[in-house]
Amino acid sequence: MPLPTRPRRLLAAALPALLAVALTACSSQDYPNSVFTRYTENNRDVGALFQLLIVLGTFVFIFVESILLYTIFKYRRKSENDRPRHVHGNTTLEILWTAIPALILAIIAVPTVKTIFKSQAHASADAVQVQVIGHQWWWEFRYPQFTTTEANGRIDTLTTANELYLPIGRKVAFSLTSVDVIHSFSIPQLAGKRDLMANRINYLWFTPDSVSEGAWNGFCAEYCGSSHANMHFKVFTVRPADFDSWTKNQLTMAAFGAPAVVAVAPPADTSVKTPQKLQGVPGTPTLTSTPPASARIMTVPTPGTATVPVAPVQQAGYVAFAHDKIPAHVMPQTPIPEGLAFDESLKGDPQAGLDFMTKKMGGGCIGCHRINGAPMMMGSMGPSLTHVGSRSTIAGGIYPNDTKHLSLWIKNARHMKPGVIMPTLGAGQYDPVQKMTIPKTGLSDQQIADIVAYLQRLK
Ligand code: HEC
Ligand SMILES: [Cu+2]
């Protein structure tokens, strides 16, 4: 018996409507957090899988629903004493409805497993390597191929927080781990999710093929505690030349107050022979061959051995995307919590800020933050502040990096972002974690203004 015309028409109308809905989800500008984009081979592969599943699923759906509708109409109760015929078992049918789904699952499994293995392949030597370290609740990104040595011998690896710069047209190989709970690295428009776990390294790679209009949004996609929703990051995909300028700038010492002894010498030995160790984590990826020219390691002559004329260190902070050109939809709009205020008319003195943090150890910043070129600053619990002034956001990408937010952050970080490790420091401020008010010995607004003036010079 043919299908009654109404359900058939309904089906005919519903299909194009469904397709239209699926297609409208594809525009990247209107939907900046959509996964239906094609800017990396990772997303293309996952997208192809998705399409295959949708097509197969659509056939199954239509088939099953048609049989259901047919049965409902054909065998509906026609009179009061209508009783269905009772049957028991139908071997042919049972074999069929076991075999067909098994076949479909097998067909799906082949490309799925292939894509999973492909996307988590280990770092290849020609790739830009990025170590992603998850913290409650911020992101640390280290580029082990880019290092410098300070005059005192301390080796600095290019390290940023909550902000990734990636060159287009080059493979980027991520190795991911966590220092605390499980997090998940997700940049919807560039790559699917991958978990970060302590004592384990996961891998992910992709090649960005387009310059970002401003920045791509990145998130933590695995519930990780009270500020999980405040754990964002930005990804800037830039031309290779911009990437080079960025890395060169990020490798310079702090742009204020650092001794000007750094010079870029022709590298004595550019090949990385020792495995790049991620601090304290076994089984880190190994880079065995010579990195390409753009991944050169900058070596700095140690005092006494310098044969190269000393070049000026302090170059203007380099960012490929001027912060005011970043589209509004990628800039954080988090409102400032009630009851927090800062007198922005205070003028800060950067030298006073530096002295306060390093000589007087004010606020304990030295114990948690690192600033290359400021030897006292060598903590690792918080983000590296060497180039904090070059970043567009702070605090896991939830606030813009401007005077107001930076001052309020230092004054009362725990009020600005629930649960953070960074203590509430401002005098008279209430610390919601310690459940106490910071005494008069806490930071005054003037001290905070000085620190902020210093941090803002660190482009
Ligand atoms: C107990 C450790 C600790 C101390 C002490 C501390 N911080 Fe932090 N700081 C952190 C942590 C952890 C974060 C990251 C918080 C987050 O985003 O979740 C942070 C974030 C920051 C940020 C934002 C950086 C970014 O890029 O997001 C700034 C700026 C900062 N701290 C400045 C300071 C200054 C200045 C001091 C001293 C006056 C200080 N901190 C003292 C742990 C600390
Ligand atoms: Cu997280």
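Quickly run through region 414-453 and pick out the residues that are touching a Gly at 6+ places or on another chain (Cβ under 7 Å) and hydroxyl-bearing (Ser, Thr, Tyr).
THR437
Among all residue pairs at least 6 apart or on different chains, which show Cβ distances below 6 Å where the first residue, located in region 109-138, is more than 16 Å from ligand 1 (Cβ to nearest atom) and the second is modelled with pLDDT of 90 or more and basic (Lys, Arg)?
Once the first residue is more than 16 Å from ligand 1 (Cβ to nearest atom) and sits in region 109-138, its partners that are modelled with pLDDT of 90 or more and basic (Lys, Arg) give ALA127/LYS171; VAL128/ARG170; GLN131/ARG142.
Select from region 191-240 the residues that are open to solvent by less than 40 Å² (accessible area, probe 1.4 Å) and of a type in the set (Phe, Trp, Tyr) and list them in ascending order.
TYR203, TRP205, PHE206, TRP216, PHE233, PHE236
Is there a residue in region 148-155 that is within 16 Å of ligand 1 (Cβ to nearest atom), charged (D, E, K, R) and in contact with a strand residue (DSSP E or B) (Cβ under 9 Å, 6 or more places away or on another chain)?
No.
Out of ILE133, ILE187, ILE182, ILE168, I need the residue that is within 16 Å of ligand 2 (Cβ to nearest atom), closer than 22 Å to ARG44 by Cα and either at pLDDT 90 or above or crowded, with 19+ Cβ neighbours inside 10 Å (or both). Which one?
Working: ILE133 fails: closer than 22 Å to ARG44 by Cα; ILE182 fails: closer than 22 Å to ARG44 by Cα; ILE168 fails: within 16 Å of ligand 2 (Cβ to nearest atom).
Only one candidate qualifies: ILE187.
Which pairs turn up if I take residues in region 437-452 that are in a strand (DSSP E or B) and look for partners that are away from ligand 2 (no atom under 16 Å from the Cβ) and open to solvent by 10 Å² or more (accessible area, probe 1.4 Å) with beta carbon separation below 8 Å, at least 6 apart in sequence or on another chain?
From residues that are in a strand (DSSP E or B), the pairs are THR437/GLY428; THR437/GLN429; THR437/TYR430; LEU443/GLY363; LEU443/ILE410; LEU443/LYS411; LEU443/LEU425; LEU443/ALA427.
For region 369-383, what are the residues that are in contact with an Asp or Glu (Cβ under 8 Å, 6 or more places away or on another chain) and near ligand 1 (Cβ under 8 Å from one of its atoms)?
PRO383
Given the options GLY348, GLY353, GLY389, GLY396, name the one that is open to solvent by less than 20 Å² (accessible area, probe 1.4 Å) and assigned to a loop (DSSP other than H, G, I, E, B).
On inspection, the qualifying residue turns out to be GLY396.
Residue by residue through region 359-378, note down the ones that are more than 18 Å from GLU140 (Cβ to Cβ) and open to solvent by less than 20 Å² (accessible area, probe 1.4 Å).
GLY362, GLY373, ALA374
Taking only pairs six or more apart or across chains, which ones have beta-carbon atoms under 8 Å, a first residue in region 408-426 that is under 13 Å from ASN230 (Cβ atoms), and a second residue that is within 16 Å of ligand 2 (Cβ to nearest atom) and among the hydroxyl-bearing types (Ser, Thr, Tyr)?
Final answer for the pair search is LYS417/SER227; PRO418/SER226; PRO418/SER227; GLY419/SER226; GLY419/SER227; VAL420/SER227.
Say we look at region 415-436 and pick out the residues that are farther than 22 Å from GLY379 by Cβ and assigned to a strand (DSSP E or B); which of these is farthest from the chain's Cα centre (by Cα)?
Selected residue: MET436.
Does TYR430 qualify as being among the aromatic types (Phe, Trp, Tyr) and either out of contact with any Phe, Trp or Tyr (no Cβ under 9 Å at 6 or more places or on another chain) or under 19 Å from GLY225 (Cβ atoms) (or both)?
Yes, satisfied.
Taking ASP445, is it in contact with an Asp or Glu (Cβ under 6 Å, 6 or more places away or on another chain), more than 12 Å from ligand 1 (Cβ to nearest atom) and more than 20 Å from PHE233 (Cα to Cα)?
Judged against the criteria, ASP445 is a match.
The values are calculated or read from the model by the stated rules, or taken from the named source; none is laboratory data. Bear in mind the structure is a predicted one, so any value in this text is a computation, not a measurement. Using ideal geometry, Cβ is built from the backbone for each residue, glycine included, and neighbour counts are taken over all protein chains shown. The accessibility values were calculated without ligands, DNA or RNA, using every heavy atom of the protein model including side chains. Shrake-Rupley method; radii C 1.70, N 1.55, O 1.52, S 1.80 Å.
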